[in-house]
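The values are calculated or read from the model by the stated rules, or taken from the named source; none is laboratory data. For clarity, every value in this text was computed on a predicted model and none was experimentally measured. Note that each Cβ is placed from the backbone with ideal geometry, even for glycine, and that neighbours are counted across all protein chains shown.
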Amino acid sequence: MHARTPYRVTAVACAFIVISCLASVAVAADDAATSKGASVDWPFHGLTPHEERHSPLDQINRETVGRLGLAWSFATGSRRGLEATPLVIDGVLYASSTWSKVFALDAATGRELWHYDPKVPREVGRKACCDVVNRGVAHRKGRIYVAALDGRLIALDAGTGAEVWSTQTVPKGGDYTITGAPRVVNDLVVIGNSGGEFGVRGYITAYDAETGKQRWRFYTVPPPPGQPFEHPELEMAAATWSKQSDWASGLGGTAWDSMAHDPELDLLYVGVGNSSPYNREVRSPGGGDNLFLTCILALRPATGELAWYYQTTPAENWDYTATQHMILTDLTIEGRKRKVLMQAPKNGFFYVLDRATGELISAEGIAPMNWASHVDMKTGRPVETGRGNWADQAAYVMPGVAGAHNWHPMSFHPGTGFVYVPTLSNVWPFHADADYAYEPGVMNTGEDWSGFHEALQWILPFCEAAHLTAWDPVAGREVWKIVHDHPINGGVLTTAGGLVFQGNGGGFLAAYDATTGDRLWKIDTGTGVMAPPVTYQIDGHQYIAVLAGIGGSPAMNFANYRNDNAGRIFAFRLDAKDRMPATSPPPARVVSVEPRPLDPAEVTRGRKLFGTHCSRCHGPWARSTGWLPDLRYSSRAVHDGWESIVIGGAYEGKGMASFADQLTADDARALHAFVLDRAFAANSIIERLQAWAADNLCIPAEWMAD
């Protein structure tokens, strides 16, 4: 697509009046800065529909932040990933947890008012690429909306938690899931879905907020040849795909996270995800940009009609989603005030677009990369270096599939003019599967998992894997950067107190000076933090609240954790003195079986099966340092009941569903042979050397970027 002449269906209207909900948020925010007794909510996912995640509250500031203490904590009962942004409305905090559960708490005390469990069938967890997480709820006129992992969109009574209506947004029994937060846009609730690698076709849907009835749906990739186009934009998209494309895979393009809304322009912005399979030579033989993969879509919320689009990674080949957080704001660029959209997607570039027209204003590299050198400002396309080509030979590509920036929200501070981005440095060893064919119910990326795991076990981590980067979007440059010791980032909040708040998977929440990056406050949360903090004010007291719980990808099996990962919600305020809750150490890891002879052929077959079916949760090469079980250290009961677990579903209640639809009893025995082989080697010299190297050695990311 030509960057300066984006596709437009009709001219963008420029005279719409800002809707009352945005205006009321702005008024409340202005009052908050001047009225010590005012109560100030956090009513939208990003505070406002513009998703800036910046609060004008300033009671907690550079001078006072050192007095922050724990006001209250709440145990969610979970031990998996917590990624939600809480909402705070009229003194009530609403947060979602694992398995799409919702909690309503007194925001001043943490007292539970009600909770709701949608009772997601545990076998659905097998279809979730990246844990059974949920990123939050939406609110409108006394109702709370949550999207459940199994594809239901549910409306709850905000006062009681009673279910008002439930709508199935994805086909039952398919491989779709939902982990993202819905958004309320006027009288609509909008939601996308997940499952791109599992053989699904992405779409975004709007439902009537009162009744739950579908109002419109926008598909992000075309249907197979010969089938009708559901809406006119798909005819244009189809021209960018090969007729021999891997239609069975669904092609991906799931809109699994970010959205933003400009009421004045009356445009809804949606980020679109990656391809399925990743390998573009298999996915669309003969080429093509493959619209609308990795696009930012500007849709008219009343109808779902496309106003414009911008594709961040044409012919996507590396899981470079454009589903990362988008921020709408106004910037003065070259003396001219511009209405802009800002995004740092996975591919490593930071984009500034004109949000009325889709014109590319700037795109600069924000993290080390080797797949592209720059973005051509005339065409809007990244200029590939060739180092990311992996169809014919293995390639070590930066950023890896974790991206230079993942789902963790960033924040824009209008006072400094900086965007604060949770950035990453990572690499991925891509190996093409020469025998790839679509297989339902597994990760269809087009990769050779055996080669991938062989390479991954010897890759050293980067010295600076996770960071908080202060980015000047006008100058297109890094201003300062905080390097974290732990590879898992947290989302970001900024405030008028001159502060930036961010947590980390290492188990802390910190406040930094927004101008200099100096750390001004830090508290040990015990449990790692991935979720973004929010702030609100009740009875004159400003609070900072955040969810803590490690999970998601790659934390399921890569991130070392310090304790039992008990999920909690924390709220802090000045001079509060509640005690941080105690944590328990993680369970000891002991090999429970004695070495015995194994059939080498069965071990080899088990290794291949493990890579396809098990490694996503239990770690490459059956080695997990995350919170999901390292199968090498399974109990005697697990080994004795192996087949009943893998085939019979004995642990389905724990989220370990039966694989009887994909594996035979012989397959289960081969898998067990491989796991036993790994267990017998768990304390070998090679294993200890690899573990020591992973903990003590690292390489500069720039070595690979150069």
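Observations on the model:
- Scan the stretch 262-293 for residues that are in a strand (DSSP E or B) and either more than 26 Å from Ile361 (Cβ to Cβ) or of a type in the set (Lys, Arg) (or both) and the total you get is 1.
- Residues that are farther than 23 Å from Phe412 by Cα and surrounded by fewer than 23 Cβ atoms within 10 Å (Cβ to Cβ) within the stretch 342-370 comprise just one, Asn370.
- Scanning the stretch 430-488 for residues that are among the aromatic types (Phe, Trp, Tyr) and in contact with a His (Cβ under 7 Å, 6 or more places away or on another chain) yields a single hit, Phe452.
- Single residue of Thr76, Thr34 found to be modelled with pLDDT of 95 or more and hydroxyl-bearing (Ser, Thr, Tyr): Thr76
- Elements of type helices (runs of 4 or more DSSP H) in the stretch 665-706, at least 1 residues being at pLDDT 85 or above: 665-680, 701-705
- Entry remark, the stretch 159-191: residues being part of a loop (DSSP other than H, G, I, E, B) and touching a Pro at 6+ places or on another chain (Cβ under 9 Å) number 2 in total.
- Candidates in the stretch 183-241 are the residues that are surrounded by fewer than 16 Cβ atoms within 10 Å (Cβ to Cβ) and of a type in the set (A, V, I, L, M, F, W, C); of these, the one that is nearest to Ala302 (Cα to Cα) is Phe229.
- Considering only residues in the stretch 294-315 that are more than 16 Å from Ala344 (Cα to Cα) and among the aliphatic types (A, V, I, L, M), the one that is surrounded by the fewest Cβ atoms within 10 Å (Cβ to Cβ) turns out to be Ala302.
- Qualifying residue in the stretch 446-466 (condition: surrounded by 24 or more Cβ atoms within 10 Å (Cβ to Cβ), assigned to a strand (DSSP E or B) and among the aliphatic types (A, V, I, L, M)): yes
- Considering only residues in the stretch 294-324 that are of a type in the set (S, T, N, Q) and outside any strand (DSSP E or B), the one that is farthest from Asp266 (Cα to Cα) turns out to be Asn317.
- When the strands (runs of 3 or more DSSP E) confined to the stretch 47-98 are screened for residues that are out of contact with any helix residue (DSSP H, G or I) (no Cβ under 6 Å at 6 or more places or on another chain) and within 28 Å of Val340 (Cβ to Cβ), those reaching at least 1 such residues are found at 87-89.
- Verdict on Ala206 being in contact (Cβ under 8 Å) with a residue 24 or more places away in the chain and part of a strand (DSSP E or B): yes
- Among (1) at pLDDT 95 or above; (2) on the phi > 0 side of the Ramachandran plot - the single one Thr379 does not satisfy: (2)
- Considering residues of the stretch 442-453 that are at pLDDT 85 or above and not hydrophobic (A, V, I, L, M, F, W, C) only, the residue farthest from Gly199 (Cα to Cα): Asp448
- Here no strands (runs of 3 or more DSSP E) wholly within the stretch 361-419 include at least 1 residues being farther than 19 Å from Glu702 by Cβ, more than 25 Å from the chain's Cα centre (by Cα) and among the basic types (Lys, Arg).
- Hits in the stretch 109-121 (condition: under 19 Å from Ile89 (Cα atoms) and either without any contact (Cβ under 8 Å) to a residue 60 or more places away in the chain or in contact with an Asp or Glu (Cβ under 8 Å, 6 or more places away or on another chain) (or both)): Thr109, Arg111, Glu112, Leu113, Trp114, His115, Tyr116
- Every pair of residues 6+ apart whose Cβ atoms lie under 7 Å, when the first sits in the stretch 682-693 and is in contact (Cβ under 8 Å) with a residue 40 or more places away in the chain while the second is charged (D, E, K, R) and part of a helix (DSSP H, G or I): Ala682/Arg632
- Matching residues in the stretch 271-289 - criterion: being within 22 Å of the chain's Cα centre (by Cα) and closer than 17 Å to Pro222 by Cβ: Val272, Gly273, Asn274, Ser275, Ser276, Pro277
- Remark: pairs (first residue in the stretch 122-151, part of a loop (DSSP other than H, G, I, E, B); second residue of a type in the set (Phe, Trp, Tyr); Cβ separation under 7 Å; 6+ apart in sequence or on different chains) = Val132/Trp99; Val137/Tyr94; Val137/Tyr145; Leu149/Trp99; Gly151/Tyr176.
- Some residue of the stretch 201-208 being of a type in the set (D, E, K, R), over 17 Å from the mean Cα position of the chain (by Cα) and under 30 Å from Asp392 (Cα atoms): yes
- Flag if Pro301 is farther than 20 Å from Thr179 by Cβ and touching a strand residue (DSSP E or B) at 6+ places or on another chain (Cβ under 7 Å): yes
- Residue, surrounded by the most Cβ atoms within 10 Å (Cβ to Cβ), within the stretch 421-441, restricted to residues that are of a type outside the set (S, T, N, Q) and in contact with a Ser or Thr (Cβ under 6 Å, 6 or more places away or on another chain): Val421
- Which numbered condition Ser373 misses (of (1) in contact with a Cys (Cβ under 7 Å, 6 or more places away or on another chain); (2) surrounded by fewer than 23 Cβ atoms within 10 Å (Cβ to Cβ)): (1)
- Residue selection: Ala511 satisfies the criterion of being more than 24 Å from Phe103 (Cα to Cα), assigned to a strand (DSSP E or B), modelled with pLDDT of 95 or more and not acidic (Asp, Glu).
- Matching helices (runs of 4 or more DSSP H) fully within the stretch 552-655 where at least 3 residues are buried (at least 16 other Cβ atoms within 10 Å of the Cβ), touching a helix residue (DSSP H, G or I) at 6+ places or on another chain (Cβ under 6 Å) and hydrophobic (A, V, I, L, M, F, W, C): 600-613
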